[in-house]
1. Would you order M251, M56, M103 from fewest to most other beta-carbon atoms within 10 Å of each residue's own beta-carbon?
2. Give me the percent relative contact order of the chain, please, defined on Cα pairs under 8 angstrom at least 6 residues apart.
3. So if R0 is 41 Å, what FRET efficiency would F283 and D114 give, r being the distance between their Cβ atoms, rounded to the nearest 0.05?
4. Counting other C-beta atoms within 10 Å, which of V71, V241, V142 has the fewest, and how do the rest follow?
5. Can you compute 3J(HN,Hα) from phi for each residue in segment 80-87, using the Karplus curve 6.51 cos²θ - 1.76 cosθ + 1.60 with θ = phi - 60°, rounded to whole Hz and x for Gly and Pro?
6. So what is the relative contact order of segment 204-247, in percent, for Cα pairs below 8 Å that sit 6 or more residues apart?
7. Compute the longest continuous run of the chain that contains no exposed GluC sites (Glu not before Pro); treat a site as exposed when its DSSP state is not H, G, I, E or B and it has at most 11 other Cβ atoms within 10 Å.
8. In whole Å, what are the Cα extents of segment 227-310 along the three principal axes, biggest one first?
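Quick note: the coordinates plus some simple rules give every number you see, no bench work behind them. Quick caveat, the model's predicted, so the values are computed rather than measured. For neighbour counting, all protein chains shown are included, and Cβ atoms are generated from backbone atoms with ideal geometry for every residue, glycine included.
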Amino acid sequence: MRRLITSLLGSIFLSISLLIVPSASWAYPFWAQQNYENPREATGKIVCANCHLANMTTQAEVPQSVGADSVFKAVVKIPYRNGTQEIGADGSKVPLQVGALVMLPDGFKLAPQDRWTEEIKEETQGVYYTQYSEDKENIILVGPLPGDKNKEIVFPILSPDPSKDSKIHFGKYSIHVGGNRGRGQVYPTGEKSNNALYTSTKSGTVVSIESGDNGARLLSIKTNTGDTITETIPIGPEILVKIGDSIEQGMPLTNDPNVGGFGQIDTEVVLQSPARVFGLLAFFIGVSLTQILLVLKKKQVEKVQAVEGI
């Protein structure tokens, strides 16, 4: 009961914080967790791409095969140039942050810390892992983290044991990985963040540029039909037009401040059966013995031929 109350109070506090001050760090993974029951759509797209519109490379490394009830590492690589800075929610320059999502097959989950090796403990220092939801322990989230120090994020994974769960079988499984660097360009409400390119909704002439609330700029445009509209540009993006400029519909009013992006990749891992490994070893041993016997037989035949003078 206490846990439920704490969870509800935390959700209320975070929701109020998001409405009042949409911080850069709230962009992920909180938005996805609150708005999507499953982070992977039917098309295969991870929902982070709905807010992080730019595309950047994400890489993943997992073992080709793992044994039952064993701990292995899934490494997510999120490369970008060192020292890259982006625009924060308040318009100032801030270091790029990163985050990652790993969707494991059913039965796979984050390994308990008492089974982490010293190497894993060292590689995951300062990294905090969360489940996507209480009933989805196979979906693990990390972030936001300082990007310069976390271009490679290690996920310690525990494989399931089919002998203890009839729903799990040996074989090949898919793993879906998403890696993000930087803030999103769109909030789930559809509203643009200040980390986006702003364009004109109408053709016309810029007649004034005035200051608005919270550092916003108000561009008044007299359209070709004689109406006057106002484009609101939040603090952060650099305005490219000036008073008196003629603009066309869809023309950029600001630069594109985004320097980050999201990328996803699918990979595979084989949950290997011990019987199959033993069978393979037995096959190799049998082949080796056969080759040795053939060589010995050939030597024996050569000796007999030498004695008979053939």
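1. Fewest-to-most Cβ neighbours within 10 Å comes out as M251, M56, M103.
2. 22 percent.
3. Once the sixth-power term is evaluated, E becomes 0.65.
4. V71, V241, V142
5. Per-residue couplings from phi come out as 6, 6, 4, x, 5, 10, 10, 8 Hz.
6. Here the relative contact order equals 43 percent.
7. 38-133
8. 113, 35, 21
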